[in-house]
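J.: Would you mind keeping the following structure in view while I ask a few things?
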Amino acid sequence: MTNFVGEHLTDEFLTRADYERAAQFIAAKTKHKPTIGLVLGSGLNLLADEIAHADVIPFRDIPGFPVPTVEGHSGALVIGGLSGKTVMALRGRVHYYEGHSMQRVTLPIRAMRALGIGTVIVTNAAGGVNEKFHAGEVMLLTDHINLVGMTGANPLRGPNDDSLGPRFPDMTHAYDPALCDLARAVARETGIALREGVYMMLAGPSFESPADVRFIRLIGADAVGMSTVAEVIVARHGGMRVLGLSLISNSLAHGHDKVSHEEVLAAGKRAVPQLAALIKGVLARMD
Ligand code: HPA
């Protein structure tokens, strides 16, 4: 089976050469030497505008990079300075539901790794399934449930290149405990009420039915979305440190009426200043 750009969907196995080709292209387009990666999810692209002396590289120019098709996900790399660090931000990301393979979806993380980036901050918009969560709040990811991966769509499926990471990577501390502590400290100091919890990845693109939501809550998730977990698994496979932050864009917990993409984007806009302040605070204090 092939997708709309003629790529094999289910069994697309990329290699180190693919990641290095992308990384070399990026390195040739910027003088910056980024040490921290930022993945900016739905509605959070605004943070990329704060990156100083930015080199902007459209995804479509980078060999092998998947190009987003969804509103709110204009796709470009933005490389430059933020809070005293040199960062490489993915302004927008692609999702599995757009029809790309899991390995294609996670290629930008591999490219970051090939560029020498050792830490990545991943963000997303998520639906709250914990009854205590409200739209517009920020959640620190302390763990995840890889529902899509459990049913086979794991980005590490296929031949393992031991030079990239182990066949069976550990996921016990996928979200770096020291970075979590740092985020808690910054939230306390900046007066941000930071929620914490487990993020579950579903394939989407349909939103969850009320019965889906009851199931998701029952098996231990606090928030649900259509991204992030595959990227985190690939980052951990490559030995990167990960900090994960969800913007709770809507609550599914209280017998929700309807969910819309517009609602998700609007809540994103409202809560961006908080999340941006948190990320900048963390960056400023990272070593
Ligand atoms: N469900 C799935 N993904 C989402 C949601 C949701 O309610 N909100 C934002 N991303």
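The values are calculated or read from the model by the stated rules, or taken from the named source; none is laboratory data. Remember, it's a predicted structure, so these values are computed and weren't measured experimentally. Virtual Cβ from ideal backbone geometry, glycine too; neighbours counted across all protein chains shown. SASA here: full protein model, heavy atoms, side chains in, ligands and nucleic acids out. Shrake-Rupley method; radii C 1.70, N 1.55, O 1.52, S 1.80 Å.
J.: Could you tell me how many cubic angstrom of Cα convex hull volume region 118-215 has per residue?
T.: Details: hull volume 13.1 nm³, N = 98.
That works out to 134 Å³ per residue.
J.: Would you count, across the chain, every pair of lysines whose alpha carbons are under 26 angstrom apart, provided the pair is eight or more residues apart or spans two chains?
T.: 12
J.: May I ask you to order 165-176, 228-239, 193-204 by the average number of other C-beta atoms within 10 Å around their residues, highest value first?
T.: Numbers: 165-176: 14.2, 228-239: 24.2, 193-204: 19.8.
Taking the mean over residues of other Cβ atoms within 10 Å, the ranking is 228-239, 193-204, 165-176.
J.: Here's something else I'd like to know. In whole percent, and with a 1.4 Å probe on the protein chains, what portion of the accessible area of the chain is carbon and sulfur? Intermediate results must be reported in sequence, preceding the final value.
T.: Numbers: 6480 of 12110 Å².
Taking all protein chains in place, the chain shows 53 percent carbon and sulfur surface.
J.: Moving to a separate point now. Among DSSP beta bridges whose residues both lie in the chain, state the antiparallel percentage, nearest 5.
T.: Numbers: 19 of 48 bridges.
Antiparallel bridges make up about 40 percent of those DSSP assigns within the chain.
J.: For the chain, what does the helix formula give at 222 nm: sum of -39500 (n - 2.57) over DSSP H segments with n ≥ 4, over the residue count, nearest 500 deg cm²/dmol?
T.: Details: 8 runs with 86 residues, N = 287.
Helix-only estimate at 222 nm: -9000 deg cm²/dmol.
J.: Once the principal axes of the Cα atoms of region 163-285 are found, what is the range along each, listed largest first in whole angstroms?
T.: Projected onto its principal axes, the Cα set of region 163-285 covers 44, 39, 23 Å.
J.: For the chain, what does the accessible surface come to per residue with a 1.4 Å probe? Please give it in Å². Please report the intermediate quantities before stating the final value.
T.: Values: 12110 Å² over 287 residues.
Accessible area per residue: 42 Å².
J.: Right, something else. Using a Gaussian network model on the chain with a 10 Å cutoff between Cα atoms, which of Ser209, Ser249, Ser163 fluctuates the most?
T.: Sorting by GNM fluctuation, first place goes to Ser163.
J.: Can you give the log10 of the normalised intensity I(q)/I(0) at q = 0.11, 0.22, 0.24 Å⁻¹, computed with Debye over equal Cα scatterers of region 35-145?
T.: The computed values of log10 I(q)/I(0) come out as -0.37, -1.33, -1.48.
J.: Still on this structure: Rounded to the nearest angstrom and ordered from largest down, what semi-axes does the equivalent ellipsoid of the chain get from its C-alpha gyration tensor (root of 5λ)?
T.: After diagonalising the Cα gyration tensor, the semi-axes are 26, 23, 18 Å.
J.: Mean-square fluctuation check for the chain, GNM, Cα pairs under 10 Å: which of Glu98, Glu189, Glu208 is largest?
T.: Of the options given, Glu189 has the highest mean-square fluctuation.
J.: Describe numerically, in nm with one decimal, the distance between label points set 7 Å from Cα along Cα→Cβ at Glu189 and at Ser163.
T.: 4.1
J.: Continuing with this model, one more query. Pick from Asn250, Asn160, Asn124: which residue has the top mean-square fluctuation in a GNM of the chain where Cα pairs under 10 Å get a spring?
T.: Asn160
J.: Let me ask another. Describe numerically, in nm with one decimal, the distance between label points set 7 Å from Cα along Cα→Cβ at Arg60 and at Glu12.
T.: 1.7
J.: Could you pull out the trypsin sites (Lys or Arg not before Pro) across region 12-103 that fall in loop regions by DSSP (anything but H, G, I, E, B) with no more than 12 other Cβ atoms inside 10 Å? The partial results should precede the final answer.
T.: Working: sites: Arg16, Arg21, Lys29, Lys31, Arg60, Lys85, Arg91, Arg93; in loops: Lys29, Lys31, Arg93.
Listed in order of number, the matching sites are Lys31.
J.: If you don't mind, another one. Strictly greater than 18 Å: what percent of every Cα pair in region 187-239 meets that?
T.: On the way: 671 of 1378 pairs.
For region 187-239, the share of Cα pairs beyond 18 Å comes to 49 percent.
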